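Undergrad: Below: one structure in structure tokens.
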Amino acid sequence: GIVGIIMPRTVYPERVDFSSLAARYDFFRAHVFDTKKGCSIDFSSEEAVRALTKALLKDDFGLDWDISEAFLCPPVPQRANYIHWVADVLAACAGQDDIRQCGPIRGVDVGVGANCIFPLLGHAIYGWSFVGTDINKAALEVAQETVDRNGLGHRISLRWVEDPLSCLLGVLQEEERFDFCMSNPPFFEREDQTHLNPKTICTGNPLELVCEGGEKQFLQRMVDDSFVLRDRVRVYTTMIGRKVTLQSLLKLLHQRRVPFVTKTEFLQGRITRWGLAWSFMDVSTVAFPKLLAWSKQLPVSGPPRGCKRARSPEQLQQPQQPQHPQHPQQPQQPQQPQESDKEEGSNKIPRLDSN
């Protein structure tokens, strides 16, 4: 099956062909130059990166997209891979090999932003419908213009959130239910942190980049909201920018005995991101082996380091083996580190020349 194997379904398994893209789009051609390894662009240039995003969305998804430099410009390959992973998790939870076998899908994008990238890609790739929420009225106006320009008003609706500390509570209407939610929360706690890395550009405005407590506290609030809403959202997901945040959330979800948790790692371009998903559904164990990421299996519902692993229902039904002290156990071989515990950048996956 194709569940969990993201690479065969992405349109970006290899490097972007900048030369071919420049030949089709004049607005992008001005930013392309020759190098020893072929054509490239200046990724420290906001204008060049914005032109690349606009060209990719038009060329690969037929989307008419363009926003000003006042707003965050998303890397398309990384965002598309997040969409594919959400599709894998949803299909696995439903016991299917393909999310398209599961009927209409409706999701919530928490913090949709002016770029509206997740609803646009989710609809273009899978035909999903979305509710996008944001605290920034100006960003929602720009996003609405993009939705209208692409004729997607019947599939993507946008909602303003008055409370800046609200994630899902107060956003979902009474008795409203969704198949999933997704989020790429503000990364920073303070505005002066946004330009500390000289090797990367950081486009966007403070409302898109900064929130109280940074991504860790934002996502802790999202976990709290999920315990109130529970199965009104089938699967809760988020993209995470810091590995320490991922580890903290895994520990929190394990301590609070969430029945279904899985994670992945997005390795494309120059930036590593992580994906985290959890659910309160009674998920069949047949779904677990299907949750693969980048062709490798990751722990599902497993605790982080330092926590004891709970026994599965099948293990609890098995009788305990009697102990035989007269036969001492053989010394155990040193345990090799698992793939999921390696530091970022360890997977040998073709990377794109994009952020």
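Rule-based calculations on the coordinates, nothing more; no lab input. Computed from a prediction, not measured in an experiment: that's the story for all the values here. As a convention, Cβ positions derive from the backbone with ideal geometry for all residues, glycine included, and neighbour counts pool all protein chains shown.
Undergrad: Considering amide H positions built from the backbone, and no H for Pro or chain starts, which residues 5 or more places from L63, or on another chain, come under 5 Å of its amide H?
TA: Sorted by chain and number, the residues that satisfy this are K58.
Undergrad: Going by the alpha-carbon gyration tensor, a ≥ b ≥ c the square roots of its eigenvalues, is region 28-104 rounded (a/c under 1.5) or, if a/c is not under 1.5, prolate (a/b greater than b/c) versus oblate?
TA: On the way: a/c = 2.94, a/b = 2.22, b/c = 1.33.
Cα axes put region 28-104 in the prolate bin.
Undergrad: Right, here's the next one. Name the residue farthest towards the positive end of the dipole of region 56-117 from the options Q78, P104, A114, assuming +1 on Cβ of Lys and Arg, -1 on Cβ of Asp and Glu, about the Cα centre.
TA: Of the options given, the answer is P104.
Undergrad: Can I ask one more? If each of Q101 and R270 carries a label point 7 Å out from its Cα toward its Cβ, how far apart are those two points in nm?
TA: Placing both labels 7 Å along Cα→Cβ, they lie 4.2 nm apart.
Undergrad: I would also like to ask the following. Take the alpha carbon atoms of region 214-258, find their center, do the same for region 56-78, and report the distance between the two centers in whole angstrom.
TA: Using only Cα atoms to place each centre, the spacing works out to 28 Å.
Undergrad: While we're on this one: Projected area of region 111-186, taken from the Cα convex hull and averaged over every viewing direction, in nm²? Kindly include the intermediate steps, with their values, before the conclusion.
TA: Details: hull surface 20.1 nm².
Result: 5.0 nm².
Undergrad: Now for a different question. Counting only residues 5 or more places away or on other chains, whose amide H sits under 5 Å from the amide H of C39 once H atoms are built in the peptide plane?
TA: Amide H to amide H, under 5 Å and 5 or more residues apart or across chains, C39 pairs with S19.
Undergrad: Which of the GluC sites (Glu not before Pro) across region 34-84 are loop residues per DSSP, with 12 or fewer other Cβ within 10 Å? Please list the in-between numbers first.
TA: Values: sites: E46, E47, E69; in loops: E69.
Sites meeting the loop and neighbour criteria: E69.
Undergrad: Can you pull out the GluC sites (Glu not before Pro) in region 143-183 whose DSSP state is coil and whose Cβ has at most 15 other Cβ atoms within 10 Å? Don't skip to the end; give the middle numbers.
TA: Numbers: sites: E145, E162, E174, E175, E176; in loops: E162, E174, E175, E176.
The qualifying sites are E162, E174, E175, E176.
Undergrad: Another question about this same structure. For a quick size check, give me the Cα extents of region 1-154 along its three principal axes, largest first, whole Å.
TA: 48, 40, 23
Undergrad: Here is a further query. Which order, highest average first, do 226-232, 239-245 follow once you tally other Cβ atoms within 10 Å for each residue and take the mean per peptide? The partial results should precede the final answer.
TA: Details: 226-232: 14.0, 239-245: 17.9.
Listed from highest to lowest mean packing, they are 239-245, 226-232.
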